[in-house]
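What follows is a set of notes on a single structure, which appears directly below.
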Amino acid sequence: MAKTRVLVVDDSRTVRGHLVDTILTDPDLEVAGEAETGKQAIELCLKLRPDVITLDMMMPVMSGLAATEYIMAHCPTPILVVSASVNRGELFKTYEALSAGAVDVLDKPRADGDTDAWARRFLSTVKLVARIRVITHPRARLLPLSSTMPMPLGEVSPPHASTRLIAIGASTGGPGAVVEILRSLPETFDVPILLVVHIGQPFADAFAEWLDGQSSIPVRYAKDAEICPTSGTRIVLMAPPERHLVVRGGRLHLTRDPERHSCRPSIDVLFESIAREVGSGAAACLLTGMGRDGASGLLDVRRAGGRTVAQDEETSVVFGMPREAILLGAAERILPIGHIAPHLATLAPRSPRRPA
């Protein structure tokens with residue numbers, strides 16, 4: 001069986017050497033090459049055609065973000081961002097890289113950390129990322145012209161239901177998908193959105209702030225016990241790192257309850273709560289991601305009479321979570337990412353026309 005070929009990119013010789021040494025401990029991996037700038041990364045990617053790239057963000061000559069944008073447009077290759085950047089500006093660059101097509105992000109090993117645990121996490125993540133079928137960016141080039149609509153589940157999701165609250169969940173590939181949806185919603189869209197995106201620490205801290213700058217809809221982290229917004233409020237409220245987001249008794253609650261599917265925040269936890277609290281007035285959308293989080297919760301929303309959407313395989317970076325939901329019969333609609341915002345817009349209550 002052929003080994004997985006890894007291109008290692010980092011401007012620090014010490015870090016690069018550590019990554020290389022770690023890769024060489026795994027019999028299923030081999031180092032295809034090494035680069036210390038984004039420009040070299042592009043050149044070696046075109047020449048060597050590796051199976052996966054580990055990529056630093058902050059490098060001389062050409063940054064990791066610029067390299068990601070070029071690679072994903074001209075020689076699409078799974079990219080794992082490996083970064084120690086935790087200040088606001090550098091985190092924003094990481095989010096931009098994820099939006100541009102990088103698959104996942106992992107922190108660099110720390111001198112005072114558990115190096116063995118980090119090495120196991122690094123090797124398993126490299127293997128997972130290498131198996132992902134990445135697509136050329138900009139993604140719009142590959143959008144299909146039509147959507148798939150499965151048969152309805154009998155009496156659920158009545159067409160007359162008025163959507164008062166929308167929940168969106170995403171994991172691997174999620175930052176780019178969420179940005180595309182938020183940017184595509186019309187200026188008149190005023191149904192509040194609750195959002196869960198799986199993104200590991202320490203990279204999650206500024207994610208809501210970055211999203212806030214990507215669209216005209218305000219985005220912030222939810223606050224514990226604040227009143228749950230309803231129709232007429234133009235806002236996206238996101239689950240903060242390491243907190244489940246739950247709707248209960250007309251308020252939003254942030255909990256440290258146990259992880260669900262190894263995730264906290266969990267999409268299932270959010271979806272289940274809106275099914276109980278909002279019922280047919282809820283809509284839920286499950287986007288690209290690895291695993292099964294969100295699938296059973298999406299089914300709960302549909303059974304409660306809410307509207308449900310799953311992202312299609314063609315435009316998903318990882319067709320894991322949406323696939324699980326579709327197999328359960330949880331998705332009322334299966335849509336390419338470019339069709340989700342227009343569909344959500346049709347669910348918003350029609351505001352009465354104001355006199356001129």
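None of the figures in this text is laboratory data; all of them are computed from the coordinates on show. This one's a predicted model, so the numbers in the text were calculated from it and none came from an experiment. With ideal geometry, Cβ positions are generated from the backbone for all residues, glycine too; neighbour counts draw on all protein chains shown.
Apply the Karplus parameterisation 6.51 cos²θ - 1.76 cosθ + 1.60, with θ equal to phi minus 60°, to every residue of the stretch 313-321 and state each ³J(HN,Hα) to the nearest whole Hz, in sequence, with x for glycine and proline.
Along the stretch 313-321, the couplings run 5, 4, 9, 7, 5, 10, 8, x, 4 Hz.
What shape does the stretch 1-60 have by the C-alpha gyration tensor, where a ≥ b ≥ c are the square roots of the eigenvalues, rounded means a/c under 1.5, and otherwise prolate means a/b greater than b/c and oblate the rest? Present the calculation step by step, with values, prior to reporting the outcome.
Working: a/c = 2.82, a/b = 1.31, b/c = 2.16.
The shape class here is oblate.
Amide H of R251: which non-local residues (sequence gap of 5 or more, or other chain) have their own amide H closer than 5 Å, using H built in the peptide plane?
Those lying under 5 Å, H to H, from R251 are C228.
What is the distance, in nm, between label points placed 7 Å from the Cα along the Cα-to-Cβ direction at L328 and at T136?
For the pair L328/T136, the computed spacing is 3.6 nm.
Where does each of L106, L195, L327 land when they are ranked from fewest to most other beta-carbon atoms within 10 angstrom?
Starting with the residue having the fewest Cβ neighbours, the order is L327, L106, L195.
Indicate the gyration tensor shape class of the stretch 259-314 (rounded, prolate or oblate), computed on the Cα atoms with a ≥ b ≥ c the square roots of the eigenvalues: a/c under 1.5 is rounded; otherwise a/b larger than b/c is prolate and the rest oblate.
Oblate, because a/c is 1.5 or more while a/b does not exceed b/c.
Taking the Cβ of K127 as the center, what net charge do the other residues with Cβ under 13 Å away carry, scoring Lys and Arg +1 and Asp and Glu -1?
0
Just want the ordering: T308, T163, from fewest to most Cβ atoms lying within 10 Å of their own Cβ.
T163, T308
To test your reading of the geometry: what angle, between 0 and 90 degrees and rounded to tens, separates the Cα axis of helix 267-278 from the longest principal axis of the chain?
Helix 267-278 sits at roughly 10 degrees to that axis.
Hand me the tally of lysine pairs in the chain: alpha carbons under 29 angstrom apart, and the pair either on different chains or 8 or more positions apart.
Eligible lysine pairs with Cα atoms under 29 Å apart amount to 15.
Could you check which residue among A102, A111, A283 shows the biggest mean-square fluctuation in a GNM of the chain with a 10 Å Cα cutoff?
Sorting by GNM fluctuation, first place goes to A111.
With the Cα gyration tensor of the stretch 30-111 giving a ≥ b ≥ c as the square roots of its eigenvalues, does the rule (a/c under 1.5 for rounded; else a/b larger than b/c for prolate; else oblate) give rounded, prolate or oblate?
prolate
Just need the relative contact order of the chain here, percent rounded to a whole number, with Cα pairs under 8 Å and 6+ apart.
Relative CO of the chain lands at 15 percent.
Taking the beta-carbon count within 10 Å as an exposure proxy, list W210, W118 from fewest neighbours to most. Could the numbers behind the result be given before it?
Working: W210 20, W118 17.
Fewest to most other Cβ atoms nearby, the residues stand as W118, W210.
Given a cut-off of under 8 Å on Cα pairs at least six residues apart, what relative contact order in percent is computed for the stretch 4-138?
The value is 24 percent.
What does the charge count around G169 come to, taking other residues whose C-beta lies under 11 Å from its C-beta (Lys +1, Arg +1, Asp -1, Glu -1)?
-2
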